[in-house]
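Report on the following structure.
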Amino acid sequence: KDGAIIKSSQEIIGDAGSIIADLSDFYIEDELVVNCEVNCDQDEYVREYSGCKFDHVHFFYEELSCSFVDCIFYNCDFSNIDMSRISFVRCEFYNCKLAGLKFIKSLLKDVAFERTNLRYINFAEAKLERVEFIDSSLQDGYFSTTKLKDIDFQDCDLTKLEVYATSLKGIDLSTSDI
């Protein structure tokens, strides 16, 4: 965080589709990002988003390398992004689209997904701890050698979900479609 650049909310808030924020070398803290597209190209900088709220934001990049701590996402689109080896800690997703996302070797801790599209999600070798999936679709998703601890699925679509070398011990799937 030493020498980090923090953009003000006036610089990163815009009308739908009218702004593209290049956040590739910034540490962003306690900001509201609304109605824009966010493009982060992979580079040597470590990026952390802490305490931010994202509303109607379309994230696009091939591969993202950063962490999100204490963030909330409303109606955001992360589709088809490679989020391998990143972390989400104490984050919430509402009505978001994460279809085709790769969470390979990623950490999700104290995370909630509500009414979120997680179709074709890949959690291979990821670690999920205290994660809630509520009224969300994980259809055609993939869990392989995934470490699961205190996971809650409520009213989710888990049809065609592939689970390989992953323990589902203690996980209640009774309210979800499998």
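What follows draws every value from the coordinates through simple rules; no lab data is involved. Please read these numbers as outputs of a predicted model, since none were measured by experiment. No Cβ is skipped: glycine too gets one built from the backbone with ideal geometry, and neighbour counts run over all protein chains shown.
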> From the list Phe133, Phe123, Phe153, which one is surrounded by 15 or more Cβ atoms within 10 Å (Cβ to Cβ), without any contact (Cβ under 8 Å) to a residue 60 or more places away in the chain and closer than 18 Å to Asp82 by Cβ?
Replying inline: Phe123
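Under 11 Å from the mean Cα position of the chain (by Cα) and farther than 21 Å from Asp177 by Cα, is that true of Lys97?
Numbers: under 11 Å from the mean Cα position of the chain (by Cα): yes; farther than 21 Å from Asp177 by Cα: no.
No.
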